[in-house]
1. Based on the alpha carbon coordinates of the range 137-194, what radius of gyration and maximum Cα-Cα distance (Dmax) apply, in Å?
2. Take each of the peptides 56-68, 103-115, average the number of other beta-carbon atoms within 10 Å over its residues, and list them starting from the highest.
3. What order, most packed first, do the peptides 81-88, 183-190, 160-167, 92-99 have when packing is the mean number of other Cβ atoms within 10 Å of each residue?
4. Could you give the distance between the Cα centres of the range 43-92 and the range 122-194, to the whole Å?
5. Of all DSSP beta bridges in the chain, what percent run antiparallel (nearest 5)?
6. Give me the Debye-computed log₁₀ of I(q)/I(0) at q = 0.10, 0.16 Å⁻¹ for the range 3-193, equal point scatterers on Cα only, no solvent, two decimals.
7. Stretch residue 56-residue 190 to full length: gain in nm at 0.36 nm per residue minus the Cα-Cα span?
């Protein structure tokens, strides 16, 4: 599959997980860790998978780990770090707290990225955007670094400045994009996806 060599995937695992109380990517859901579910969704998309973290707890996944170039600067820095590291034109950027994500959504993002001129393609429900389930073009690397250096760290503000292509998510599919930040949210997701 040619598609697999054209895109790299980066999973941002560097958050503080303060609301969850434990490392989010390693939280168990339906018998597997969040990260395991995400990796299974990525598998049909690309074999180039990287974790943006230096947390030794993730070494068991035996995937390349990329250090955050600027510590404690949130996902804007995480995306810069991924784009700086990447050798791919298009890059799938995902957070580590979306265990219900499906391959079909990721493939739709990639297809849209190749059909549009925007350097970012992401999902939106019309109220909330999902900039950590998105495709980013390598050319944004320097722009994301500038944002970090200027302390422009609100991700949606930075992303919207590039006029991203927003794919509308149907209400019945929103659960698949849910990011889980607390045990209460995890319980809610479990009830909604069974």
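1. Values for the range 137-194 (Cα only, Rg and Dmax): 16.1, 44 Å.
2. Working: 56-68: 13.7, 103-115: 16.5.
Order by mean packing, descending: 103-115, 56-68.
3. Details: 81-88: 19.5, 183-190: 14.6, 160-167: 16.8, 92-99: 25.2.
Highest-to-lowest ranking by the protection proxy: 92-99, 81-88, 160-167, 183-190.
4. So the separation of the two Cα centres works out to 16 Å.
5. On the way: 12 of 28 bridges.
About 45 percent, rounded to the nearest 5.
6. The Cα Debye sum returns log10 ratios of -0.36, -1.00.
7. Working: separation 134, 0.36 × 134 = 48.24 nm, distance 2.82 nm.
Answer, rounded to one decimal: 45.4 nm.
Values in this text are rule-based calculations from the coordinates and carry no lab data. Worth saying up front: this structure is predicted, and the values here are computed from it rather than measured. Counting neighbours? That spans all protein chains shown, and the Cβs are built from the backbone with ideal geometry, glycine included.
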